[in-house]
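> Here it is, the structure, as structure tokens.
We did not get these values from a lab; they are worked out from the coordinates using the rules stated. This structure is a prediction, so every number in the text was calculated from the model and none was measured. When we count neighbours, we look across all protein chains shown, and the Cβ atoms used for this are built from the backbone with ideal geometry, even at glycine.
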Amino acid sequence: MTRVAILAGGKGVRMGPMGRERPKPLTMIGDKPILEHICLGFHRHGFSEIVVAVGARGDEIRACFEDRRLPFAVEFVDTGGETRTAGRLKRLRPHLGEGSFFSSVADGLHDIDLAAMHRFHASHGEIATAAAVHPPSRFGVFDFDGERIIRMREKPVLRDQWVNGGVFVLEQGVFDYIAGDDTQWEDDTLPALARDKHVMAFRHDGFWQCMDTPAEAEMLETMWRNKQASWLPGG
């Protein structure tokens, strides 16, 4: 059974007062914390054994999920208050079985076909598959006719760019690229894997949105409230 590792141990400092009120993975989007939305996305694609790496305020995250009725199995593992992202993943190794597994951040929502991503990973034989997504622009965009502005597009998706979507399928060989607790996934492990040509891209043209700031949390909440939650079935 392919297991899922979710990294939920950070401090969420960019969330400001909202992050001080509750841990970032417990930010409510509609009637559920964002971490539960993420877990349900994996469950819907047939991946229901989930291991969550907690650190800062991990007891609060555990307590929240103890009170919720869930259709998936979730295990919380304390990976330390100061451990960096790849270090957290390495601490989860005894909980992830022997074969390939998913790794995901705990602060992004998407409608990636995770089952198709897993099949793609199995087809190429490399250590890592990364979800490549189109980022939303931080700013509105002008369209011109000469010097005349003819249209303003509010924060469009940048279709000509691909970025790290925070979702990976990984083989056990990834742990050879993680020295210890101080290893950072984005700065150390992923660049080393790419340098050695061990990373393949699963391109996703659909919905993807990170939640790094209160404004992004409010945007996701508005989508849920307006029944435009693209990450949900029928959204």
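> Quickly work out the residue 203-to-residue 162 label distance, labels modelled 7 Å from Cα along the C-beta direction, and quote it in nm with one decimal.
0.6 nm
> While we're looking at this one, here's another question. What length, rounded to one decimal in nm, is gained on full extension from residue 213 through to residue 44, with 0.36 nm per residue of separation minus their alpha-carbon distance?
58.2 nm
> How do 52, 163 rank when sorted from fewest to most other Cβ atoms within 10 Å of their own Cβ?
Ranked by crowding around the Cβ, least crowded first: 163, 52.
> Can you tell me how much longer the chain between residue 147 and residue 115 gets when fully stretched, taken as 0.36 nm per residue apart minus their C-alpha distance, in nm with one decimal?
Length gained, residue 147 through residue 115: 6.8 nm.
> OK, next. Helix 114-124 sits at what angle to the longest principal axis of the chain, using alpha carbons and giving 0 to 90 degrees rounded to 10?
Roughly 70 degrees between the two axes.
> For residue 202, which sequence-distant residues (separation of 5 or more, or a different chain) have an amide H within less than 5 Å of its own amide H, given hydrogens modelled in the peptide plane?
Correct list: 130, 131, 132.
> What percent do you get for the relative contact order of the stretch 12-63 when only Cα pairs under 8 Å and 6+ apart count?
Once divided by the residue count of the stretch 12-63, the mean separation gives 27 percent.
> Hey, what angle do you get for helix 214-225 against the long axis of the chain, alpha-carbon based, 0 to 90 degrees rounded to 10?
Around 80 degrees separate the two axes.
> For 157, 141, 167, 51, what ranking results if the residue with the fewest other Cβ atoms within 10 Å of its Cβ goes first?
Going from sparsest to densest Cβ surroundings: 141, 157, 51, 167.
> How many lysine pairs are close in the stretch 3-225, with Cα atoms under 30 Å apart and the two 8 or more places apart or on different chains?
10
> So, in nm, how far is label residue 225 from label residue 195 when the simple model puts each one 7 Å beyond its Cα toward the Cβ?
Inter-label distance under the simple model: 4.7 nm.
> Pick from 67, 205, 188 the residue whose mean-square fluctuation is largest in a GNM of the chain, springs joining Cα atoms under 10 Å.
The residue that fluctuates most here is 67.
> Neighbouring Cβ atoms within 10 Å as the yardstick, rank 190, 70 fewest first.
Listing 190, 70 from fewest to most nearby Cβ atoms yields 70, 190.
> I've got another one for you. Antiparallel as a % of all DSSP beta bridges within the chain, to the nearest 5?
So the antiparallel bridges amount to about 45 percent of the total.
> A further question follows. Multiply the residue gap between residue 78 and residue 171 by 0.36 nm, knock off their C-alpha separation, and tell me the result in nm, one decimal place.
That works out to 31.3 nm of additional length.
> Could you work out the relative contact order of the stretch 3-225, using alpha carbon pairs under 8 angstrom and six or more residues apart, expressed as a whole percent?
Relative contact order here is 26 percent.
> Can you tell me the orientation of helix 34-44 relative to the chain, as the angle in degrees between its alpha-carbon axis and the longest Cα principal axis, to the nearest 10?
Orientation of helix 34-44: about 80 degrees from the principal axis.
> Pick from 12, 41, 146: which residue has the top mean-square fluctuation in a GNM of the chain where Cα pairs under 10 Å get a spring?
Of the options given, 146 has the highest mean-square fluctuation.
> Could you tell me the calculated FRET efficiency between residue 69 and residue 13, based on Cβ-Cβ distance and R0 = 35 angstrom, to the nearest 0.05?
It comes out at approximately 0.65.
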